Every structure is written in structure tokens, then in C-alpha cells.
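Every number here is computed from the coordinates shown, using simple stated rules; none is lab data. These figures come from a predicted structure and were not determined experimentally. Positions of Cβ are generated from backbone atoms using ideal geometry, with glycine treated the same way; all protein chains shown enter the neighbour counts.
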Amino acid sequence: MVRISRGRFGPERYDDVRRLIEASADALEPAIRKLRGPVYYHAGIDRETGTVVNVSVWRDMGAAKQMETLAPMLAQRPILERAGVTFDRVANYEALWNIGSVGANP
């Protein structure tokens, strides 16, 4: 399963939102590591589009849905909303294919 959480913010909020996303790792990383079935997690921000995204890969739908009740994750949403972020509905995608690690060949 590929889980995508996306939020939008005004360009003037970039520095504040970036700081909050970076700080969120302190609470979220250890909590996510304790869950069943995480494969990959990435939090990112894009200045040009004024968006933040959390992309995660999970072993199955049940594992992905753990994020819906993860207290540290739920605590982050109002913090980001106060900073001007509005969130799209979270989507859980059935993974159809993948490449795995991609990098330059030596």
C-alpha cells in the first residue's frame, strides 16, 4: 500500500511550515517505527507549489490504516493547520508495481 497525505499552504508560510515538518520527525519517526508493517516513509515540502506531502509504503492496508489513529500523527495536524496548512483527504493506493532502489550505476 502506498499512503499519500498532502497539504497546501500560502508561499509566505514556507519557512514556518518547513520548520514544523522538520520538527515533527522527533515525535513521528519513533512512533512510526513501532508500527506493524512500515516499509518506507518520507515527508517533503515544495516551495513552488506550496505543498507538503507524506509518502509512505506499507505491507498491507491494515498496516497503512494504523496512521489514522497514531496519536503523534493526529497531534501534528492541528499544529500545521494553525500554520496555514489545509489538508487533502488521505489516500491509500494499492501498489501495482515498483522499481525498488534506483540510483546511478558506478
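Compared with the direct C-alpha span, the chain from A75 to A23 gains 17.5 nm at full extension, assuming 0.36 nm per residue. Compactness of region 2-93 is given as radius of gyration and Dmax, 12.8, 38 Å, from Cα positions. Counting only other residues whose beta carbon sits under 14 Å from that of A63, what net charge do I get with K and R as +1, D and E as -1? Local charge sum for A63: +3.
Between K65 and R13, the FRET efficiency estimated from the beta carbon spacing at R0 = 25 angstrom works out to 0.25. Per residue, the average separation of C-alpha pairs within less than 8 Å and at least 6 apart gives region 2-93 a relative contact order of 49 percent. Which shape class applies to region 1-56: rounded if a/c is under 1.5, otherwise prolate when a/b exceeds b/c and oblate if not, where a ≥ b ≥ c are the square roots of the Cα gyration tensor eigenvalues? It is oblate, given that a/c is not under 1.5 and a/b is not larger than b/c.
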